[in-house]
Ligand SMILES: *Cc1c(COP(=O)(O)O)cnc(C)c1O
């Protein structure tokens, strides 16, 4: 039998994805962890816990399996599973910040992350400054010595796919006595492992690539050292925004195929990018795999491949962008990302509506694709008909 230690340090990514965090059940041999739909556990005498389980907010075996698995994938000390990505974020912030503390956040952060800092954490005295993650000098300038406790980055960012240099940002944060937190939702642990590059904590919306099938909302934290693990573990239990056993089971099932899914997402995204680059109705294609992308060199260093997210700007402005979003048939118009099915959305009116009118506003002619793992020729044919129809629709309206 392969020990947990071997899973973490010796086995390949896909082996860890399939095996880490769970050994076949001692009594039944069940290869897959059961969904432990229980709130409490029988004690063998007062305080005689079996396997440490006492109450399911504090611990549940299905969640334990997921937490061990994602920790192994991110090569961290410990993993924690939450009811959503934002619940994970809030728990981390409250574990490491106190009123009066300051956080640097991406100037194109995920809209919900921005809203959490701007509307919720700020009211509790935790202030933030936005800075572009791709500009190390701007991040340095945004740090307030003595007050900044966290440098929070996404890379690639959402939806502009900017790239931050994790190693350089970790050094910068640590010089200032701050932690580097990386939201690794877009890359997934298959493409990038921030803890191995010096980050202190990784955040996931497991709703996205980790779950991978658009059937569960969840979040995770993985931390690099034991001290932070203890603080986060305490707050996870004290705040209580934990993943339920069925959600944990679905997420764990998704993680087993993360590697093969991500490779196909990347293959398809690369083909879609090539197609868009040649289209007359497309103004700009944003993808870190393109040599013309300003973050390409850094992305090549720290990512295995460039992911399944593609953003592009269309000729003709917002009307044209909305028309394209409304005319695809294989790409489903919807928020979220990272599932097996392709999605299209208009960030300005959908995922990023909450940052309209702020410094974080995104271009109105921007479209974001989450390129799924369908037959790529069908994806390209769908974009082709939508771009063609939208061109004539806008021409008619004009
Ligand atoms: C979706 C998302 C989140 C929030 O996660 P939820 O599971 O929706 O709470 C955070 N960061 C990024 C980059 C996301 O895409």
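Results, tabulated for the structure shown:
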quantity	calculated
Condition met for residue 219 (buried (at least 24 other Cβ atoms within 10 Å of the Cβ), touching a strand residue (DSSP E or B) at 6+ places or on another chain (Cβ under 7 Å) and more than 22 Å from residue 301 (Cα to Cα))	yes
Any hit, the range 272-284, residues being assigned by TED's automatic domain parsing to the domain that holds residue 167, more than 16 Å from the ligand (Cβ to nearest atom) and at pLDDT 95 or above	no
Any hit, the range 373-392, residues being crowded, with 23+ Cβ neighbours inside 10 Å and modelled with pLDDT under 95	yes
Selection count where residues are within 16 Å of the ligand (Cβ to nearest atom), outside any helix (DSSP H, G or I) and surrounded by 24 or more Cβ atoms within 10 Å (Cβ to Cβ), scope the range 69-94	4
Selection count where residues are in contact with a strand residue (DSSP E or B) (Cβ under 9 Å, 6 or more places away or on another chain), within 13 Å of the ligand (Cβ to nearest atom) and part of a helix (DSSP H, G or I), scope the range 109-125	4
Residue in the range 47-68 that is surrounded by the most Cβ atoms within 10 Å (Cβ to Cβ), counting only those that are in contact with a strand residue (DSSP E or B) (Cβ under 8 Å, 6 or more places away or on another chain) and in a helix (DSSP H, G or I)	66
Strands (runs of 3 or more DSSP E) (entirely within the range 126-205) containing at least 1 residues that are surrounded by fewer than 24 Cβ atoms within 10 Å (Cβ to Cβ), within 20 Å of the chain's Cα centre (by Cα) and within 16 Å of the ligand (Cβ to nearest atom)	127-131, 148-154
Every residue from the range 51-60 that is touching a residue at least 40 places away in the same chain (Cβ under 8 Å) and more than 24 Å from the chain's Cα centre (by Cα)	56, 58
From 379, 322, 360, residue being over 21 Å from residue 260 (Cβ atoms), in contact (Cβ under 8 Å) with a residue 12 or more places away in the chain and assigned to a helix (DSSP H, G or I)	322
Subset tally (residues that are modelled with pLDDT under 90 and within 15 Å of the ligand (Cβ to nearest atom)) for the range 325-359	5
Residue within the range 244-260 that is touching a strand residue (DSSP E or B) at 6+ places or on another chain (Cβ under 6 Å) and either surrounded by fewer than 17 Cβ atoms within 10 Å (Cβ to Cβ) or at negative phi (or both) present	yes
Number of positions in the range 292-310 that are surrounded by fewer than 22 Cβ atoms within 10 Å (Cβ to Cβ) and within 28 Å of residue 388 (Cβ to Cβ)	2
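The values are calculated or read from the model by the stated rules, or taken from the named source; none is laboratory data. A quick note: this is a predicted structure, and the numbers were derived from the prediction, not measured. Cβ sites come from the backbone with ideal geometry, for glycine too, and all protein chains shown count toward neighbours.
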